[in-house]
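Report on the structure given below.
Rule-based calculations on the coordinates, nothing more; no lab input. Note that the coordinates shown come from a computational prediction; the quantities given were computed from them, not determined experimentally. Cβ placement follows ideal geometry from the backbone for every residue including glycine, while neighbour counts extend to all protein chains displayed.
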Amino acid sequence: MRKHTAAMTLVATVAIALIAGGVIMSLPWKETATANVVAASAETESVQQETSPSEGDHKEQEMHSAGVLASRSGQPLKQNASQPKLPYSEEDLYWMARVISSEARGESLEGQIAVGAVIMNRLKHPGFPKTIKGIIFSDGQFDPARNGSIYNEPVPSAVEAAKRALQGENPVPGALYFYNPTIATDQWIRKLRVIKRIDNHVFAAK
């Protein structure tokens, strides 16, 4: 009976040892598999990061979609920005250059600008027409409009003077008249208040 009990105990001990050994032997395989899964997950995440567009790429794409380019300073610049409009029309320049060329040909650039400035001063005055052409062609105001010389091609300096006068350059503020004292025949104009004399012209106001 004792031998039988001892044999049973030995068998139980061996069985327990075998089971424990099997469990222990299986552990390294489980650890290796777990490590492989973690490594594969990390590799997948790395690939996703490399192939996914960055935040900067998204912003650049959005800016191009909106039709906006970024300047080097970082400020947005709109494409096809409209150019600033000139403060006068082509017709204004056409007539201004011709009357200056006819009235002040041979005068200095300042003298030519001053003739244009008289027209601009009249444009702001309530007693004169409200357009440049209307002022130039008012009865008895400018000899070139009366005798036809205004239709002659203007000299380059007159075109430059016209542009500057139209843009607001004014060497004779307040002057509404000008005349050449050596040839003027109207006595009333000589009684006007003199603003300035430039070259052969006197610029005056009432």
Exercise for the section: Please list, in chain and number order, the residues 5+ apart from ILE195 or on another chain whose amide H is under 5 Å from its amide H, with Hs placed from the backbone. Expected result: PHE203, ALA204, ALA205
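To make sure I understand, if each residue's beta carbon is the centre and we count other beta carbons within 10 Å, what order do ASP199, ASP92 fall in, fewest to most?
Working: ASP199 14, ASP92 20.
Final ranking by Cβ density, sparse to dense: ASP199, ASP92.
Could you give the length gained by full extension between PHE137 and GLU160, i.e. 0.36 nm per residue of separation minus their alpha carbon distance, to one decimal place?
Details: separation 23, 0.36 × 23 = 8.28 nm, distance 2.15 nm.
Answer, rounded to one decimal: 6.1 nm.
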Fill in the blank from the handout: Residue-ordered couplings for region 145-159, obtained by feeding phi - 60° into the Karplus form 6.51 cos²θ - 1.76 cosθ + 1.60 and rounding to whole Hz (Gly and Pro as x), are 6, 7, 9, x, 5, 5, 8, 6, 5, x, 6, x, 5, 5, 5
Practice task
Could you go through region 182-194 in sequence order and give the Karplus-derived ³J(HN,Hα) for each residue, using 6.51 cos²θ - 1.76 cosθ + 1.60 with θ = phi - 60°, rounded to whole Hz, and x for Gly and Pro?
Solution key: 7, 10, 5, 10, 7, 6, 4, 6, 6, 8, 6, 6, 6
Practice task
At 7 Å along the Cα-to-beta-carbon direction for both TYR94 and GLU169, put a label point, then send me their distance in nm to one decimal.
Solution key: 2.4
Practice task
Rank ALA162, ASN121, GLY111 by how far each Cα sits towards the positive end of the charge dipole of region 107-172 (+1 on Lys, Arg Cβ; -1 on Asp, Glu Cβ) and give me just the farthest.
Solution key: ASN121
Exercise for the section: Obtain the nm distance between the two label points defined at LYS191 and SER149 by a simple spin-label model: each point lies 7 Å from its Cα along the Cα-to-C-beta direction. Expected result: 2.8
